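J.: So that we are looking at the same thing, I have put the structure below in structure tokens.
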Amino acid sequence: MRIVVRALVAFGLCLLAVGPVLAGEQVLRVAQVADITNLDPHRAGDIYTANVIRQIYNNLVKMNKAMEVQGDLAERWTNPDDKTWLFMLRKGVKFHNGETLTAEDVKFTFDRMLAPASKAPGKRLVDVVATVEAVDAGTVKITTKKPFAPLLTNLTRYEMAILNKKAVEQGGADYGKKPVGTGPFLFREHRLGDRVVLAKFAGYFEGPAKIDQIVYRAIPEDATRVIEIESGGIDLMFNAPPQDFDRLAKNPKLAAIEELFQATMYLGMNLKVKPLDNKLVRQAINYAVDKEAINKAVFFGRATSSYGPLSPSIWGFDPGLKSVYPFNPQKAKELLKQAGFPNGFECVIWTDPRTERKSVAEMIQAYLAQVGVTAKIEIMEWGKLLAETGKGAKGLFVLGWTGTGDADGGLHIRFHTSGIGKDHNRNQWGTAELDQLLDSGRTTMDPAKRKAIYAKIQRILVEEAPDLFINISKNLAVARKELKGFELFPNNINPLYGVSYGN
């Protein structure tokens, strides 16, 4: 077992600020690209915060590594009719403040999220819920307004973490700074822009974690994270840079881990901007770009070309989709000529400053130039990019979408016309046929029929080409060799309860 001497040297002042570290305690130091935002699940909306939330809280149900729904705070559940769900809670589960979990806490959680004034990012995932009732102390009844097949999947999301009513009411506006959950780790400290410190919860219902403390460090620079993992300054690194991955994998002190990511990277198009309203132009853009070359040059081969809007790791992915829009600049020129643009046109590509996003935009710019399309790249910080594309991009934009693990989460919010003008449908486009299929996909309870619906939707989207679907990258992580029990999840939200050093 590794003792904490090295950890004390690396950041002893921080740990002493939250309490002494005893000899023999195990401290796990994790590097993330960015700092957290708010540890109130109803205020959070980013993957870095989600990773910390996952350690502090539990949900009614959760996903395993294979992205299958399992019980969490709910031992079991039944679905007596298409709009009714009954969840039977574990007995004796304790919150970090000593309170016992009851159905009232669950009801409070969802009532708070669904309140008319709520601005919870996760609200959209359960806005079909009509009522949540505490049948008794150990039973929760959720009734939906209409049949909603993705409900269980959506309940596994970090935004659906179960809160303690007393802790939230006592915390008031500052609750997100002192969160209370039932999870294996409890909150100790957050140093803005630097680190978050968690400590194991001795009263966790599955037994105490083997790790005594977790320290999440915000390290945005790729090179710095690499130096830290190589020098022993950190023990686990998410978002390992692909350009360094092979070299790190050869280091005998490190373990390199990769998993197909759940997110699809795409070049989005605002179809309200001419000439992107012309399907032939959109198809030409798809033919003009060599996705395989992008995968090799930017992702060093650790990405798979995407043939549609969903990753194969998402339920409802259509395996029948084969290679579409192969690199064919001549075909692109022919389509542009048919569309009335034999000499191309001018456009803009929006992206954020991340190295891989900028590189992708630059390569797309070069490929479009070869077919006569002149694209100007505009770089904006992440929050502004999301806000501006939500209102309507000036043309093209590079983004990615993860979804929920169910096809509904990857398609409905992005392509249903109800999302236009609400920061969701960034293509500013949709059709009555597509709306009907998207609505049917979430209200049809038969899994086989749902898969058929989603296969049809994916083929329509490929034909209409509102996006250039670029790739599904590999989710890359690197850990110290002595770290045991870590599993890299396809959504890159990774539970650390089972992690230990050498045992």
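J.: Using the count of nearby Cβ atoms within 10 Å as a rough guide to exposure, how do 160, 265 rank from fewest to most?
T.: Ordered by Cβ neighbours within 10 Å, fewest first: 160, 265.
J.: While we're here: Round to the nearest 0.05 the FRET efficiency obtained for residue 374 and residue 227 when R0 = 41 Å and r is the Cβ-Cβ distance.
T.: 0.55
J.: Between the range 26-71 and the range 165-216, how many Å separate their Cα centres?
T.: Spelled out, the Cα-based centre of one part sits 12 Å from the other.
J.: Any idea what the alpha-carbon Rg over 2.2 N^0.38 Å comes to for the range 125-201?
T.: 1.38
J.: Mind ordering 78-88, 491-501 by average Cβ neighbours within 10 Å, highest first? Can you show the working numbers first?
T.: Working: 78-88: 15.2, 491-501: 19.9.
Highest to lowest by the protection proxy: 491-501, 78-88.
J.: Quick one: net charge of residue 278's neighbours, Cβ under 13 Å, K/R +1, D/E -1? Don't skip to the answer; put the middle values down first.
T.: Values: positive: 272, 274, 279, 282, 337; negative: 277, 464.
It works out to a net charge of +3.
J.: At 222 nm, what value in deg cm²/dmol follows for the chain if DSSP H runs of at least 4 each add -39500 (n - 2.57) and the sum is divided by all its residues, to the nearest 500?
T.: About -9500 deg cm²/dmol.
J.: Let me ask you something else. So what is the relative contact order for the range 58-172, in percent, with contacts set as C-alpha pairs under 8 Å and at least six apart?
T.: So the answer I get is 32 percent.
J.: Output the pairs from 123/481; 394/451; 166/210; 62/422; 296/333 with a Cα-Cα distance over 31 Å in this structure; if there are none, say none.
T.: Too far apart for the 31 Å limit: 123/481; 394/451.
J.: Quick one: order 423, 290 by neighbouring beta-carbon count within 10 Å, fewest to most.
T.: The fewest-first ordering by Cβ neighbours comes to 423, 290.
J.: Send over the Kirkwood Rh of the chain, from the inverse of the averaged 1/r over different Cα pairs, rounded to one decimal Å.
T.: Radius from the Kirkwood sum: 24.1 Å.
J.: Compute the length gained on full extension between residue 330 and residue 79: take 0.36 nm times their separation in residues and subtract their Cα-Cα distance, giving the result in nm to one decimal. Let's see the in-between values first.
T.: Values: separation 251, 0.36 × 251 = 90.36 nm, distance 5.41 nm.
In short, 84.9 nm is gained.
J.: Same structure, new question: Residues with beta-carbon under 13 Å from that of residue 335, excluding residue 335: net charge, scoring Lys, Arg +1 and Asp, Glu -1? Kindly include the intermediate steps, with their values, before the conclusion.
T.: Numbers: positive: 279, 282, 331, 333, 337; negative: 334.
Summing Lys and Arg as +1 and Asp and Glu as -1 gives +4.
J.: How much length, in nm to one decimal, is gained on full extension between residue 460 and residue 86, taken as 0.36 nm per residue of separation minus their Cα-Cα distance?
T.: So the extension gain works out to 131.0 nm.
J.: For the residue pair residue 169 and residue 100, what label-to-label distance in nm results when each label sits 7 Å from Cα along the Cα-to-beta-carbon direction?
T.: So the label points at residue 169 and residue 100 sit 1.8 nm apart.
J.: On to the next question. Counting only complete DSSP H runs, which helices of the chain cover 15 Å or more along their long axis at the Cα atoms and score a mean Kyte-Doolittle of -1.0 or above?
T.: 5-17, 103-114, 355-370, 432-443, 447-464
J.: Evaluate the relative contact order of the chain (contact order divided by residue number), counting alpha-carbon pairs under 8 angstrom at least 6 apart; express in whole percent. List each step's numbers first, then the result.
T.: Working: 1049 pairs, mean separation 97.9, N = 503.
Over the chain, the number comes to 19 percent.
J.: Separation between the residue 343 and residue 452 pseudo-spin-labels, each 7 Å from Cα along Cα→Cβ, expressed in nm?
T.: Using points 7 Å along Cα→Cβ, the separation is 5.2 nm.
J.: Report the residues of the range 397-421 in range of a label on residue 432: point 7 Å along Cα→C-beta, backbone N strictly under 17 Å from it.
T.: 416-418
J.: Distance between the C-alpha centers of the range 270-338 and the range 382-407? Whole Å please.
T.: Value for the Cα centre distance between the two parts: 17 Å.
J.: Taking 8 Å as the Cα distance limit and 6 or more residues as the minimum spacing, I'd like the relative contact order of the range 32-116 as a percentage.
T.: Value for the range 32-116: 14 percent.
J.: At residue 194 and residue 439, where each label point lies 7 Å from the Cα along Cα→Cβ, what is the point-to-point distance in nanometres?
T.: In this crude spin-label approximation the distance works out to 5.4 nm.
J.: For a quick protection proxy, order the peptides 231-242, 296-307, 337-348 by their average other-Cβ count within 10 Å, most packed first. It would help to have the intermediate numbers written out before the result.
T.: Values: 231-242: 21.1, 296-307: 18.7, 337-348: 15.0.
Going by the mean number of other Cβ atoms within 10 Å, highest first, we get 231-242, 296-307, 337-348.
Rule-based calculations on the coordinates, nothing more; no lab input. Predicted model only: the values in this text are computed from it and were never measured. Cβ sites come from the backbone with ideal geometry, for glycine too, and all protein chains shown count toward neighbours.
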